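J.: The structure under discussion is supplied below as structure tokens; questions concerning it will follow.
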Amino acid sequence: MSIRSVTEVLSAAGVVAAAPFENQVRNWRTSRDNGNLETLLAFLGREAGFSEDQTLQKLSSVVGWPYLDLARNPPSAEAQKRVSTKVAFQYTVMPTKFENGSLQLAVSDPFDASMLNAVQFDAQCPIEFALAPRLEIEKALKRFYGVGAETLDEMAEDEPIELDVSGDREITESDQDASVIKFVNQIIWEAFKDRATDIHFEPAEDELRIRYRIDGILHQTPMPPQLKRFQAAIISRIKVMSGMNISEKRLPQDGRINVRIKGEELDIRVSTVPTVWGESVSLRLLTRGKIFLTLEKLGYAPQDEAALRELIIKPHGIVLVTGPTGSGKSTSLYAFLSTINSVHKRIITIEEPVEYELKGINQIAVRPEIGLTFAVGLRHILRQDPNVVMVGEIRDLETAEIAIRAALTGHLVFSTLHTNDAPSAFTRLIDMGIEPFLVASSVEAVLAQRLVRTICKHCKVEQQVDHAYLRRIGFPEEEIGTARFWKGAGCEECRDLGYQGRMGIYELLVVTEAIRPLIMSRSPATTLAQRAMECGMRTLRTDGWNKVRSGLTTIEEVLRVTQTEEHLGALMDDSRA
């Protein structure tokens with residue numbers, strides 16, 4: 001259909017006025033949006049102040065085609081079979097139902113004659129149009145056909161596959177390289193768009209499962225059923241990109257990929273391990289530009305932030321950050337270093353691996369295979385005249401002893417421990433073999449933390465919570481009748497999860513004169529916790545409740561990440577007192 005012949009339809013729909021239509025078309029042709037009739041519709045809709053879905057709804061009422069909400073109208077299996085993956089993705093159309101010998105097709109550009117001819121030839125039946133926004137059609141294609149389905153079709157046609165051993169490169173949405181390269185790039189691209197931190201390729205007997213970790217939770221990505229057939233080629237491509245030995249499939253390997261996505265540097269850590277059904281591959285996505293967070297943006301309570309600012313400028317001592325893997329410990333340490341980084345301080349770190357590069361800071365990567373361990377590196381760092389030392393993790397007695405010696409000889413040391421809460425850090429160090437009096441005199445503070453998902457701002461609604469349930473989980477009794485609670489109802493923006501993004505909850509234990517005698521007498525973590533709470537320490541769960549009351553997260557999220565508090569009994573006794 002020509003542009004001129006669309007005039008009456010668009011005028012009747014109220015999208016354009018007939019008189020100035022030619023001028024609007026001329027403006028469109030000279031604009032950066034110049035393209036097909038679909039881009040003209042979008043351009044004219046914006047000119048008239050309509051969104052794409054509003055434009056299509058107006059068009060729907062005039063031409064008699066239904067307007068579909070694809071999230072609520074899933075396609076039938078019969079309709080999907082009628083249109084090949086290649087045609088559906090090439091023309092961005094979604095077959096929705098097949099009835100009485102006709103196929104209903106969701107489109108965003110009903111005036112594309114080449115699309116109509118291609119689909120009719122492919123489906124071998126009459127076509128009836130329905131209208132839906134292009135973005136919704138793209139989401140439906142990925143959900144029902146699978147991410148990269150059209151690329152796998154190309155791979156099936158193009159076998160055998162040749163791997164391109166190339167260096168770092170730019171990943172774009174419309175990558176048109178060899179099929180296997182394009183498919184791997186699509187997987188990374190989708191993960192980046194979904195804010196995933198990890199991608200897992202997990203082989204099974206009859207499938208290759210691909211999962212993304214988003215906001216700390218794993219989500220299975222829809223994949224075409226024929227994916228297992230290309231498992232070897234996909235995994236080999238990832239190993240080539242990360243500089244691994246593709247012929248070695250019996251031993252675990254580690255590698256690294258550097259790519260650019262939308263101008264952002266993306267550092268991807270790759271790990272492979274052999275399993276019964278092939279190699280399992282994990283990719284950790286690190287965006288270099290996102291680590292430079294200030295203390296204000298990490299979500300500390302005002303009193304905790306003020307205390308931390310005093311701690312990180314001390315001339316000596318140890319500040320420990322504790323929590324399980326993936327709780328944001330490295331982010332906190334980098335924020336500390338960024339805050340105090342200046343030309344007047346020599347800061348040296350030893351990490352495994354160096355996750356983010358900080359300008360003006362000397363960073364060392366641990367390499368155990370050549371004898372460069374945390375302990376060896378730390379011992380040599382102390383000969384480099386540092387003011388501040390950051391040790392990625394205290395794992396053993398030797399590293400702990402050197403860190404404490406450094407703190408007692410005029411160095412400020414930051415490090416991490418894997419403990420469930422702040423008081424447990426002291427018992428962990430003592431259990432390693434450190435004398436209690438050394439722990440008490442060197443450790444200045446312990447910060448325990450967790451990450452909770454934040455409520456999606458687009459679908460946030462208030463909810464009612466049963467008072468008996470609140471009492472059972474230890475919610476402060478005095479606030480049960482007055483506190484308000486929120487949750488996410490679920491929407492497209494948050495993938496119907498109700499959550500979008502994460503924030504920290506914290507427990508800061510500052511070592512005071514009231515705490516030191518307990519450490520020296522080897523008191524259990526519960527006793528330390530009780531005394532610290534009497535001195536004003538807010539536990540992880542208490543900080544979580546504060547963020548729940550503020551409408552930032554939910555009760556379920558706080559419970560999910562604090563169920564393993566070792567001093568939970570003391571906390572609940574304290575809340576009932």
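J.: Can you pull out every residue in the range 458-478 that is small (G, A, S) and surrounded by fewer than 12 Cβ atoms within 10 Å (Cβ to Cβ)? Spell out how you get there, then give the answer.
T.: Going through the range 458-478, the residues small (G, A, S) turn out to be 468, 474.
Scanning the range 458-478 gives a single hit, A468.
J.: Specify which of the listed residues (I188, I235, I246, I199) is more than 23 Å from G498 (Cα to Cα) and touching a helix residue (DSSP H, G or I) at 6+ places or on another chain (Cβ under 9 Å).
T.: Working: I188 fails: touching a helix residue (DSSP H, G or I) at 6+ places or on another chain (Cβ under 9 Å); I235 fails: touching a helix residue (DSSP H, G or I) at 6+ places or on another chain (Cβ under 9 Å); I199 fails: more than 23 Å from G498 (Cα to Cα).
Going through I188, I235, I246, I199 in turn, just one is more than 23 Å from G498 (Cα to Cα) and touching a helix residue (DSSP H, G or I) at 6+ places or on another chain (Cβ under 9 Å): I246.
J.: Looking at R471, is it among the charged types (D, E, K, R), in contact with a Ser or Thr (Cβ under 7 Å, 6 or more places away or on another chain) and either under 30 Å from P315 (Cα atoms) or at pLDDT below 95 (or both)?
T.: On the way: among the charged types (D, E, K, R): yes; in contact with a Ser or Thr (Cβ under 7 Å, 6 or more places away or on another chain): no; either under 30 Å from P315 (Cα atoms) or at pLDDT below 95 (or both): yes.
The answer is no for R471.
J.: For the range 260-282, how many residues are open to solvent by 20 Å² or more (accessible area, probe 1.4 Å) and either farther than 16 Å from D198 by Cβ or touching a helix residue (DSSP H, G or I) at 6+ places or on another chain (Cβ under 6 Å) (or both)?
T.: Taking the range 260-282 and keeping what is open to solvent by 20 Å² or more (accessible area, probe 1.4 Å), we get 260, 262-265, 269, 271, 273-278, 280, 282.
Going one step further and asking which of them are either farther than 16 Å from D198 by Cβ or touching a helix residue (DSSP H, G or I) at 6+ places or on another chain (Cβ under 6 Å) (or both), we end up with 260, 262-265, 274-278.
Total satisfying the criteria: 10.
J.: So which residues in the range 480-515 are in contact with a Ser or Thr (Cβ under 8 Å, 6 or more places away or on another chain) and among the charged types (D, E, K, R)?
T.: Of everything in the range 480-515, those that are in contact with a Ser or Thr (Cβ under 8 Å, 6 or more places away or on another chain) and among the charged types (D, E, K, R) turn out to be K487, R502, E507.
J.: Would you check if R453 is in contact (Cβ under 8 Å) with a residue 40 or more places away in the chain and either surrounded by 21 or more Cβ atoms within 10 Å (Cβ to Cβ) or of a type in the set (S, T, N, Q) (or both)? Let's see the steps before the verdict.
T.: Numbers: in contact (Cβ under 8 Å) with a residue 40 or more places away in the chain: yes; either surrounded by 21 or more Cβ atoms within 10 Å (Cβ to Cβ) or of a type in the set (S, T, N, Q) (or both): yes.
Yes: the conditions hold for R453.
J.: Being in a loop (DSSP other than H, G, I, E, B) and surrounded by 13 or more Cβ atoms within 10 Å (Cβ to Cβ) is the filter here, so list the residues in the range 368-389 that pass it. Don't jump to the end; show me each part of the working.
T.: In the first step, residues of the range 368-389 are kept if they are in a loop (DSSP other than H, G, I, E, B); the result is 371, 373, 385-387.
Selection gives T373, P386, N387.
J.: Might you check whether a residue that is in a strand (DSSP E or B) and over 27 Å from the mean Cα position of the chain (by Cα) occurs anywhere in the range 264-272?
T.: Of the residues in the range 264-272, the ones in a strand (DSSP E or B) are 264-272.
With the extra rule that they be over 27 Å from the mean Cα position of the chain (by Cα), the set shrinks to none.
No, the range 264-272 contains no residue that is in a strand (DSSP E or B) and over 27 Å from the mean Cα position of the chain (by Cα).
J.: Quick check, is G392 open to solvent by 40 Å² or more (accessible area, probe 1.4 Å), under 31 Å from the mean Cα position of the chain (by Cα) and within 18 Å of A448 (Cβ to Cβ)? Quick ask: steps written out before the conclusion?
T.: On the way: open to solvent by 40 Å² or more (accessible area, probe 1.4 Å): no; under 31 Å from the mean Cα position of the chain (by Cα): yes; within 18 Å of A448 (Cβ to Cβ): yes.
Judged against the criteria, G392 is not a match.
J.: List, please: which pairs have Cβ atoms under 7 Å, are six or more places apart or on different chains, and start with a residue in the range 473-492 that is free of Cβ contacts under 8 Å to residues at least 24 places away in the same chain and end with one that is open to solvent by 20 Å² or more (accessible area, probe 1.4 Å)?
T.: I480/H467; I480/R471
J.: Let me ask you something else. Output yes when any residue across the range 219-232 is hydroxyl-bearing (S, T, Y) and within 16 Å of Q186 (Cα to Cα), and no when none is. Let's see the steps before the verdict.
T.: Residues of the range 219-232 hydroxyl-bearing (S, T, Y): 221.
Add one more test, that the residue is within 16 Å of Q186 (Cα to Cα), and what stays is 221.
Yes, the conditions are met somewhere in the range 219-232.
J.: Still on this structure, I have one more. Which of the following residues is under 34 Å from the mean Cα position of the chain (by Cα) and at pLDDT 95 or above: V439, V465, V446, V461?
T.: Details: V439 fails: under 34 Å from the mean Cα position of the chain (by Cα); V465 fails: at pLDDT 95 or above; V461 fails: at pLDDT 95 or above.
Criteria check complete, one pass: V446.
J.: In the range 310-367, which strands (runs of 3 or more DSSP E) lie fully inside it and hold 2 or more residues that are in contact (Cβ under 8 Å) with a residue 60 or more places away in the chain? Break it down into steps so the answer makes sense when it comes.
T.: Numbers: elements: 317-322, 347-351, 362-365.
Counting at least 2 such residues, we get 317-322.
Every residue, every condition in (1) within 24 Å of G299 (Cα to Cα); (2) in contact with a Leu (Cβ under 8 Å, 6 or more places away or on another chain), yes or no:
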| site | (1), (2) |
| --- | --- |
| K314 | yes, yes |
| T322 | yes, yes |
| I350 | no, yes |
| I370 | no, no |
| A375 | no, no |
| E398 | no, no |
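J.: List every residue pair whose Cβ atoms sit under 6 Å apart, with the two residues 6 or more apart in sequence or on different chains, where the first one lies in the range 382-402 and is free of Cβ contacts under 8 Å to residues at least 40 places away in the same chain and the second, anywhere, is open to solvent by 40 Å² or more (accessible area, probe 1.4 Å).
T.: Partner pairs satisfying both residue conditions: L397/M432; L397/G433; A400/M432; I402/R379.
J.: Okay, next question. Can you tell me which residue is most open to solvent (accessible area, probe 1.4 Å) among those in the range 507-529 that are in contact with a helix residue (DSSP H, G or I) (Cβ under 9 Å, 6 or more places away or on another chain) and in a loop (DSSP other than H, G, I, E, B)?
T.: Keep residues of the range 507-529 that are in contact with a helix residue (DSSP H, G or I) (Cβ under 9 Å, 6 or more places away or on another chain), which gives 507-512, 514-529.
Next, from what is left, pick out any that are in a loop (DSSP other than H, G, I, E, B): 511-512, 514-515, 521-524.
Details: V511: 11, T512: 54, A514: 33, I515: 2, S521: 75, R522: 140, S523: 17, P524: 73 Å².
My answer is R522.
J.: Moving on to the next point. On the given criteria, is S338 hydroxyl-bearing (S, T, Y), crowded, with 17+ Cβ neighbours inside 10 Å and touching a strand residue (DSSP E or B) at 6+ places or on another chain (Cβ under 6 Å)?
T.: no
J.: Determine, yes or no, whether S280 is of a type in the set (G, A, S), in contact (Cβ under 8 Å) with a residue 60 or more places away in the chain and assigned to a strand (DSSP E or B). Can you show your working first?
T.: Details: of a type in the set (G, A, S): yes; in contact (Cβ under 8 Å) with a residue 60 or more places away in the chain: yes; assigned to a strand (DSSP E or B): yes.
Yes; evaluated as a whole, the condition is true for this residue.
J.: Which of the residues belonging to the range 395-410 are open to solvent by less than 30 Å² (accessible area, probe 1.4 Å) and either assigned to a loop (DSSP other than H, G, I, E, B) or touching a helix residue (DSSP H, G or I) at 6+ places or on another chain (Cβ under 6 Å) (or both)? Can you show your working first?
T.: Initial filter on the range 395-410 (open to solvent by less than 30 Å² (accessible area, probe 1.4 Å)): 399-400, 402-404, 406-407.
The answer is T399, A400, I402, I404, A406, A407.
The values are calculated or read from the model by the stated rules, or taken from the named source; none is laboratory data. Given the structure is predicted, the values throughout are model-derived calculations rather than measurements. When we count neighbours, we look across all protein chains shown, and the Cβ atoms used for this are built from the backbone with ideal geometry, even at glycine. These area figures cover heavy atoms from the full protein model, side chains too; ligands, DNA and RNA do not enter into them. Shrake-Rupley method; radii C 1.70, N 1.55, O 1.52, S 1.80 Å.
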